[in-house]
1. Filter the range 13-49 down to residues that are surrounded by 14 or more Cβ atoms within 10 Å (Cβ to Cβ) and in a strand (DSSP E or B), then give me how many there are.
2. Taking the condition of being part of a loop (DSSP other than H, G, I, E, B), under 15 Å from V200 (Cα atoms) and not acidic (D, E), how many residues in the range 270-306 meet it?
3. Whether any residue in the range 557-564 is closer than 30 Å to E323 by Cα, without any contact (Cβ under 8 Å) to a residue 60 or more places away in the chain and not aromatic (F, W, Y) is what I want to check.
4. Name the pairs whose Cβ atoms lie under 8 Å apart, with the first residue in the range 5-17 and assigned by TED's automatic domain parsing to the domain that holds P282 and closer than 13 Å to P43 by Cα, the second assigned to a loop (DSSP other than H, G, I, E, B) and modelled with pLDDT under 90, and 6 or more positions between them or separate chains?
5. Could you please find all residues in the range 196-214 being touching a Leu at 6+ places or on another chain (Cβ under 8 Å) and crowded, with 24+ Cβ neighbours inside 10 Å?
6. So which of A260, A267, A255, A227 is assigned to a loop (DSSP other than H, G, I, E, B) and in contact (Cβ under 8 Å) with a residue 40 or more places away in the chain?
7. I need the full set of residues from the range 404-450 which are of a type in the set (A, V, I, L, M), in contact with a Leu (Cβ under 8 Å, 6 or more places away or on another chain) and within 20 Å of R386 (Cβ to Cβ), in order please.
8. Tell me, which residue of the range 551-566 that is outside any helix (DSSP H, G or I) and over 22 Å from the mean Cα position of the chain (by Cα) is surrounded by the fewest Cβ atoms within 10 Å (Cβ to Cβ)?
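The values are calculated or read from the model by the stated rules, or taken from the named source; none is laboratory data. It should be emphasised that the depicted structure is a prediction, and the values quoted were computed from it without experimental measurement. Here the Cβ positions follow ideal geometry from the backbone for every residue, glycine too, while neighbour counts run over all protein chains shown.
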Amino acid sequence: MSGVRVARVLIDSPLPQLDRLFDYAVPAPFTGDVVPGVRVKVPLRTAGRVVDGYVVEVRDEPDAGERPLSDIDAVVSPVPVLPQGLYRLARRAADRAAGSASDILRLVIPKRMVRAEKAWLAGETVPAPSVSENAQDWARATLDGFPGLSAALRAAERLAVDAPPHPVVSPAGEVGAWADLLAAAAVDTLATGRSAVVVVPDHRDQAQIERALASRVDAAVVIRDDARQTGPARYAGFLRMLSEAPCIVVGNRSAVYAPAHRVGLVAVWDDGDPLLAEPLSPGVHARDAALIRQELDGCALLFAGHTRTTDVERLVQLGFVREIPASRRRSPRVVLSATQEGERRGVRVPSSAFRAAREALTDGPVLVQVARPGYAPVLVCADCRRPARCRHCEGPLHARSVGAVPECSWCAREARAWTCVHCGSEKVRLASSGSERTAEELGRAFPGVRVVISDGRHVVEDVAAAPALVIATRGAEPPAEGGYRAVVLLDGERMLLSDDLRVGEAALRWWSNAAALAAPDAPVHLVGVTGAVARALATWSHAAYARSELAARAPLRMPPAVRVAAVDGDAPSVEAALAALREAVPALDDDSVLGPAPRDEGGVRALVRFDYRVGGDVAESLRSSVVAAALRTRRARGRTPAPGGAPPTLRVRVDLPDLDL
C-alpha cells in the first residue's frame, strides 16, 4: 500500500487537554463514509475507552510506518453535521475566550435523532425559496425608514440602528416595530439568495419575529433554533439548515452559530439583554460570536435595540460599526414624575402618574413596571429597620400577604415568634412592594378594574385592548393590543441601587423596552428618578448616554473600555498562571492584575484587565495554563488521591461584563 487515509478528529470532551485535532487511520470499509463533518467513534488511549468525535479533515499520507495510528472505531452517521464554516467559527470563538471548541459545538449541534435523520435522508431536495414581489416591496419600504440601510446590508457592512419604539400591525397580528424591521432585513437578504440569522434573547421576542415573517415568506423557510423544541424537531431543523437552500433562522443565543447556507445577514436584537450572554463554558457572548462570524463569512451584521450598549457604542466610536439613523425620529412621550407640592414625601405613585393612569384606563390597558416579583420581597425590623433574617440560615425573610407568617427566602422555614437580634423587637414591617402587593394596592385604588400580574411565576404572553392594570416585573411586560394607553415605571431608584457597573445601562434598557410598548403619544411616567439616566430616557438619547458611560469608564480601565478575564483556582495554580501571563504578554503593567483575592467558596480569584490588541496573546497564555493545571490534576489523581477529593482545577472566564462577577 502506497499511502494511508488519515482523518483529523475533534474529540467531544470537556477536558481542555483534548481540545485539539487527533489523527486516526481510516479503515478500508469506512473509506467512503469518513468525510469531513461526520460523527465518528474513536479510541482514546489515555482513557482506555471509545469516545465521540467529529471528522474535521481527511487527507492521504505516505505510509512511512513512522507513526502508528489507531483506527476509527465506527461512523455514527453519514450526515456531515459539522461544516467547515461552523468549525472555523467555533474554533475562533473558543480561542478568543480561552475555551474549547467542543464546548461551543455542544451548544450548537443537536443530539442525533435517528428517525428524524432517516426522514431527512429519504426526503426530496429542498428547493430554493422564492420571495414574492409584495414581500420584497414591503421589505424595501420598511428598510427605507433608515436611509441607506438596504444598500449597506447588501454591501455586507457592520451596522447599528436604534429601533422604532412603537408597535405596528402585521398580517399575522401586532408586533413591535423592531420585529418588523429585522424581519424586513431578513426577507430582503433572502431575496438575494442568501440566508439570514436573527438572534433574540427569549421566546417572546422569537414569537414576534416569526409573526412579522408570517404570510410574507413560506413557513418552511423560517427555521426555529432554540432549546424549547423537542429533540426530533430541533434536529430536523438543524438538518434543514445544512441544505443548500437559503433560509431564515430565528433563535436564541446559540443560533448565532447556525450553519445556514451562504449567510448574508446576522442580526442581533437587544444585545444588552443578559440572556444573550452564554453562561456555559467558554461563555462567549452572542454579540462577540456575531462579530467573529461576520469577519469569517463576509456577511452583513446588524445590531438593533431600543437602547445602545456601551459595547456597541465603542465599536461605533472606533468606526468598526456604522450607525444608521432613522429618517424620522420617533420617541415615546416620557414624563419624569416627582412628588408634587402638598404630597407626602416618598409616595410611591405621584399624583401626576396616578392621574395619567386613571385617564388612560377609560380607553385601554395601563402598564405598571415594578422591580421585584412576589408580595413583600424584603422584611425589616419595625423598630431598628435592620433586615429581618432567618434564625436558621441567616436568609432574608419575606411575607406572602398582610398578616402572613414571615418565611425565609433561602430555606423556606416559617419564622414564628421572630425576634430581632439587634434590638429584641418582635415586630416586622414591609420594606418594599413586589408585583403582588402592588397589584393589591392599585386594585384598591382603581376598584372594578381588572388587574393582571406578569412576573416569573405568572407568565402573560399578551394583553387585550380592554381596560386593565398590568403589573409586570422588568423584562416580563407583555405587549398589549394597540399598545398601552399609559406606562408607569415604578421603583426606579431601587433599580439603580444595585452594586453593578452597568446598572444605569441596564435600567435604561428596562425602562425603554417597557416604554416601547406604549401606544403612539401615550404618556410614559418615570417615577422618582433624576440624573443622567432619567434625562437619557426623557430625551430618548441612548447613544449619547452610552458615549458618556464609555468615556467615564476609559480612565478607570473598566469594561468595555478594556477586556477583563477572571482566573479562579487554588493559590499556586493562579499564581503560576499569572506568572506565565506576565512573561507571555510584557505589555501588561502592574495595574493590569487585581488580586489574587480569597473566594468565599474556597480558592482565590485574580482579575486581569487587558487591551483588545493583546487579547489573542492573553487568551492563548491563559488557555495554556488551564491545560497545564488539568494535566497536573490528572497526574495527582493517578498517584495519590488528594484528601477530600481531587485538587481544584484552574478556571478562566474571559470578557466579564463587570468586575464584580
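1. 11
2. Result for the range 270-306: 4.
3. So the first thing to find is which residues in the range 557-564 are closer than 30 Å to E323 by Cα, and the list is 557-564.
Keeping just the survivors that are without any contact (Cβ under 8 Å) to a residue 60 or more places away in the chain gives 557, 562.
When the remaining residues are screened for being not aromatic (F, W, Y), the result is 557, 562.
Yes, that holds for at least one residue.
4. none
5. Looking only at the range 196-214, we keep the residues that are touching a Leu at 6+ places or on another chain (Cβ under 8 Å), and these are 196-199, 201-202, 209, 212.
Residues satisfying the conditions are A196, V197, V198, V199, I209, A212.
6. Residue meeting the stated conditions: A260.
7. Let us first name the residues in the range 404-450 that are of a type in the set (A, V, I, L, M), namely 404-405, 412, 415, 417, 421, 428, 430-431, 439, 442, 445, 449.
Pick out the ones that are also in contact with a Leu (Cβ under 8 Å, 6 or more places away or on another chain) and you get 415, 428, 430-431, 439, 442, 449.
Matches in the range 404-450: A415, V428, L430, A431.
8. Initial filter on the range 551-566 (outside any helix (DSSP H, G or I)): 554-566.
Cutting the leftovers down to over 22 Å from the mean Cα position of the chain (by Cα) gives us 554-557.
Details: A554: 13, P555: 8, L556: 11, R557: 16.
Going through the qualifying residues, I end up with P555.
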